[in-house]
Amino acid sequence: MKASVEINDKQLDLTPREVLFANHYLGEAGFNATKAAKLAGYSEYTARQIGYENLTKPYIKEYIRSRSSEILEQLGITQERILAELAKIAFSDVTEVFNEDWSLKSNEEIAPSVSGAIKSLKKTDSSVSVQMHDKIKALQILWELC
């Protein structure tokens, strides 16, 4: 039996299990449709298929899109903020984390625009390893948005 859910002045008809699926998908399932389906009570044997099918249903997609917009707004995540983070990665320069003698700069000396692009940093007594986020991927995403 379907129940009406009001989203953005629009009525969406979802079953209680579909609402559970969508809420788990956005929550503890971490955008994993199979896990969300299992948490919503679907059979372990059909969870993968049901999860996929649920994500293709327009009214469930609309519910998820609306709920995720609410969550992003509560967290203060905007398109501008996301683009700024992508730009940090896309236009970062790994040499900005090192001094002229290739020793690692202190945390205070590394600009936030550079530190946001660092994926991992490992320092031992004899070496330093800095891995940056994928610059090409960030540039591709930005290019597609232009």
Original post:
Restricting attention to the stretch 36-45, which residues are in contact (Cβ under 8 Å) with a residue 12 or more places away in the chain and not in a loop (DSSP other than H, G, I, E, B)?
Top reply: 36, 37, 39
Subject >> Leading residue by the ranking (farthest from residue 15 (Cα to Cα)) among those in the stretch 61-78 that are modelled with pLDDT under 85 and of a type in the set (D, E, K, R) >> reply: 73
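Restricting to the stretch 41-55, name every residue that is closer than 14 Å to residue 16 by Cα and more than 22 Å from the chain's Cα centre (by Cα).
The first filter runs over the stretch 41-55 and keeps only residues closer than 14 Å to residue 16 by Cα, leaving 41-42, 54.
Residues satisfying the conditions are 41, 42.
Have a look at 93, 13, 9 and point out the one that is of a type in the set (Asp, Glu) and either at positive phi or touching a Gly at 6+ places or on another chain (Cβ under 7 Å) (or both).
On the way: 93 fails: either at positive phi or touching a Gly at 6+ places or on another chain (Cβ under 7 Å) (or both); 13 fails: either at positive phi or touching a Gly at 6+ places or on another chain (Cβ under 7 Å) (or both).
Testing whether each residue is of a type in the set (Asp, Glu) and either at positive phi or touching a Gly at 6+ places or on another chain (Cβ under 7 Å) (or both) leaves just 9.
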Subject >> From 115, 106, residue being modelled with pLDDT of 85 or more, of a type in the set (S, T, N, Q), farther than 30 Å from residue 25 by Cβ and in contact with a helix residue (DSSP H, G or I) (Cβ under 8 Å, 6 or more places away or on another chain) >> reply: 115
Original post:
When you go through (1) under 23 Å from residue 32 (Cβ atoms); (2) of a type outside the set (Val, Ile, Thr); (3) at pLDDT 90 or above one by one for residue 91, which number turns out not to apply?
Top reply: (1)
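Residue check: is residue 25 within 30 Å of residue 136 (Cα to Cα), in a helix (DSSP H, G or I) and not assigned by TED's automatic domain parsing to the domain that holds residue 116?
Details: within 30 Å of residue 136 (Cα to Cα): yes; in a helix (DSSP H, G or I): yes; not assigned by TED's automatic domain parsing to the domain that holds residue 116: yes.
It is true that residue 25 is within 30 Å of residue 136 (Cα to Cα), in a helix (DSSP H, G or I) and not assigned by TED's automatic domain parsing to the domain that holds residue 116.
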**OP:** Starting from the stretch 1-30, take each residue that is closer than 11 Å to residue 59 by Cα and acidic (Asp, Glu) and list its partners that are modelled with pLDDT of 85 or more and surrounded by 18 or more Cβ atoms within 10 Å (Cβ to Cβ), counting only C-beta distances under 6 angstrom and pairs at least six apart or across chains.
**Re:** 18/60
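The values are calculated or read from the model by the stated rules, or taken from the named source; none is laboratory data. Owing to the predicted nature of the structure, the values given are computational and were not obtained by experimental measurement. With ideal geometry, Cβ positions are generated from the backbone for all residues, glycine too; neighbour counts draw on all protein chains shown.
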